[in-house]
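The values are calculated or read from the model by the stated rules, or taken from the named source; none is laboratory data. Keep in mind it's a predicted model, so treat the numbers as computed, not measured. A quick note on method: Cβ atoms are made from the backbone with ideal geometry, for glycine too, and the neighbour counts reach across all protein chains shown.
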Amino acid sequence: MMGWFTAHRMAFTGTLNRLAGAPLTTLFNIAVIGTALALPTGFYVLLTNLQGLAQQYAPEPQVSLFLAAEAAATDVRNIEDRIKAHAGVASFRYVPRAQALETLRTRAGLADLLAGLALNPLPDGFVVIPAAGNASALEALRGEFKTWPKVAEVHVDSDWARRLDNLLAIGRYAVLMLAAALAFALIAITFNTIRLQILTQRDEIEVTKLIGATDAYIRRPFLYLGTLIGGTGGLAAWVMVWGALQIFNRQLAALAELYGIPLALTHLGATDSAYTLLFAAWLGWFGAWLSVRRHLIAYDPL
Amino acid sequence: MTHITLSGVSKRYPGGHDALTGVSLNIAAGEMVFITGHSGAGKSTLLKLIAAIERPTSGTVLVNGQNVGTLRPRGIPFLRRNFGLVFQDHKLLFDRSVFDNVMLPLDIIGFDRREAARRARAALDKVGLLQKEKAQPITLSGGEQQRLCIARAIVHRPAILLADEPTGNLDADYAAAIGDLLRAFNQVGVTIVLATHDLQLAARLNPHIIEVRAGRLAS
């Protein structure tokens, strides 16, 4: 007597042979499922990259305080004392205008442009890290700083990051909805594929039932078929997204060179990749399961 | 020991056709029984009821003490493994070799592959088809296909062989060969239930004969 494992291995190799026996059909099935999965996967990859960029360039909320151009050294000290005494401030940093210019020159690669300037156009500034990072606390600080003498501008630097975060959240919902719609399509595709397969194998199903095959025995190769189609479709989607990223990154590299910052999109990590493949395989299995449930019952002569 | 018992069995098909009416019979283990009668008399229906391919409309069918009519669907495959079925239309699978056709019942039961291959070759040898194990069934003659069907029916060594017109459209020589095969199985203790109107075969094997006439047992 052979074990459960051998029975599964036989069903699996039988399914592989069946797929290899009709290579064109198999290829088209995989291509359809791959394309359907590549769309949400690709969008997800883009979103993840954008989110990474956002986090990289907006580490923590801070308030930038710029003094008026005519502020004197005493004004600077006056402001510094007020910031030091303020309860809502966790820490702060004074950025004199000369240092700001130097930073701009070395860090942002604008040396050529700045060399043409006769005067330093930048104001003295303070970078303040607030004690509380929530939006209302930041807003309160900004309002208060603005009323101080010789303060020209107050910026809350996390504003754009928060807006991007909101946009990304909307994007994530869109990807989720797209994924749900295409997951449904994938289930429908495997459902139909398995239905056709059951029709072509109806003689075999009938005979095996007559000579004592259990439902599990009959179902097994179809479930493997669905799982394999789904899984390889997922793999195809992964490869498609990878290919798209290669092309995209070549274009981005040119752009990145122009701006002097490193820009490259990264593919799904190992965990996300594994989840994508597993999910695709599961969808294939589920479509096959539904189909088998629906169509095999019709074959029992009893 | 009684192998198969039918008591008061009737079968009415949807549409109102009465295939069998009030049939009662006993078939003992190791017996050879021929069910004879005209086409449409109900021979095939009787076999189908025994093999749990049909359920009786009324009455009970007992096989090895199990009531076929009330068996749970999950139990049916295991009941059917007691039988070797020989079909009039063979029901061979044309997408695989002769050898793989004979392997099928063993795969279903879950035999070890090597032992299964050994048994499949032994079964093919018994019906004289060992030379053709790699052939496709479609290339076999009618008599060879019938013998292949028999090899598939006996490969898992069933206790009961149910055969529907196994010599149906064969030459006398082939029919005689199949008769000898059946006798050989019967001699090793296999219960044989055979639906046929081949009287020559009946004369050779001298079985217990049950005649069906218009859905009832004659005599």
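Quick notes on this one:
- Per this entry, A:THR208 is not counted among residues that are out of contact with any Phe, Trp or Tyr (no Cβ under 6 Å at 6 or more places or on another chain), within 14 Å of another protein chain (Cβ to nearest Cβ) and surrounded by fewer than 17 Cβ atoms within 10 Å (Cβ to Cβ).
- In the stretch A:222-270, the qualifying residues are those that are of a type outside the set (Phe, Trp, Tyr) and touching a His at 6+ places or on another chain (Cβ under 7 Å), and the one that is farthest from A:ARG195 (Cα to Cα) is A:LEU245.
- Members of the stretch B:199-219 found to be at positive phi and either surrounded by 15 or more Cβ atoms within 10 Å (Cβ to Cβ) or of a type in the set (A, V, I, L, M, F, W, C) (or both), listed by number: B:ALA214, B:GLY215
- Residue among B:THR191, B:THR139 that is surrounded by 17 or more Cβ atoms within 10 Å (Cβ to Cβ), at pLDDT 85 or above and polar (S, T, N, Q): B:THR191
- Evaluating B:LEU46 against the criteria (1) on the phi < 0 side of the Ramachandran plot; (2) under 16 Å from the mean Cα position of the chain (by Cα); (3) within 14 Å of chain A (Cβ to nearest Cβ); (4) not polar (S, T, N, Q) leaves one unmet condition, (3).
- Qualifying residue in the stretch A:189-203 (condition: within 25 Å of A:LEU27 (Cβ to Cβ) and touching a Phe, Trp or Tyr at 6+ places or on another chain (Cβ under 6 Å)): yes
Listed here are the residues, each with its yes/no results for (1) touching a strand residue (DSSP E or B) at 6+ places or on another chain (Cβ under 9 Å); (2) within 11 Å of chain A (Cβ to nearest Cβ); (3) buried (at least 16 other Cβ atoms within 10 Å of the Cβ); (4) polar (S, T, N, Q).
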residue: B:ARG80; (1), (2), (3), (4): no, yes, yes, no
residue: B:LYS91; (1), (2), (3), (4): yes, yes, yes, no
residue: B:SER97; (1), (2), (3), (4): no, no, no, yes
residue: B:ILE109; (1), (2), (3), (4): no, yes, yes, no
residue: B:ARG113; (1), (2), (3), (4): no, yes, no, no
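- So B:LYS11, is it in a loop (DSSP other than H, G, I, E, B) and either closer than 27 Å to B:GLY143 by Cα or within 14 Å of chain A (Cβ to nearest Cβ) (or both): no
- The set of residues in the stretch A:208-259 that are in contact with an Asp or Glu (Cβ under 9 Å, 6 or more places away or on another chain) and among the aromatic types (Phe, Trp, Tyr) contains only A:TYR217.
- Residue match in the stretch B:14-22 (condition: part of a loop (DSSP other than H, G, I, E, B) and within 23 Å of B:VAL190 (Cβ to Cβ)): no
- Answer residue from the stretch A:1-53, given it is without any contact (Cβ under 8 Å) to a residue 60 or more places away in the chain and among the aromatic types (Phe, Trp, Tyr) and is farthest from the other protein chains (Cβ to nearest Cβ) among those: A:PHE28
- Across the stretch B:51-65, the number of residues qualifying as among the β-branched types (Val, Ile, Thr), farther than 16 Å from B:ARG216 by Cα and more than 11 Å from chain A (Cβ to nearest Cβ) comes to 1.
- Residue within the stretch A:194-202 that is within 11 Å of chain B (Cβ to nearest Cβ), assigned to a helix (DSSP H, G or I), over 17 Å from A:ALA7 (Cα atoms) and over 44 Å from the mean Cα position of the chain (by Cα) present: no
- Residues (surrounded by 20 or more Cβ atoms within 10 Å (Cβ to Cβ) and in a helix (DSSP H, G or I)) located in the stretch B:49-75: B:LEU49, B:ILE50, B:VAL68
- Some residue of the stretch B:7-18 being modelled with pLDDT of 90 or more, surrounded by fewer than 22 Cβ atoms within 10 Å (Cβ to Cβ) and within 17 Å of the chain's Cα centre (by Cα): no
- Scanning the stretch A:121-133 for residues that are in a loop (DSSP other than H, G, I, E, B) and modelled with pLDDT of 80 or more returns A:LEU122, A:PRO123, A:ASP124.
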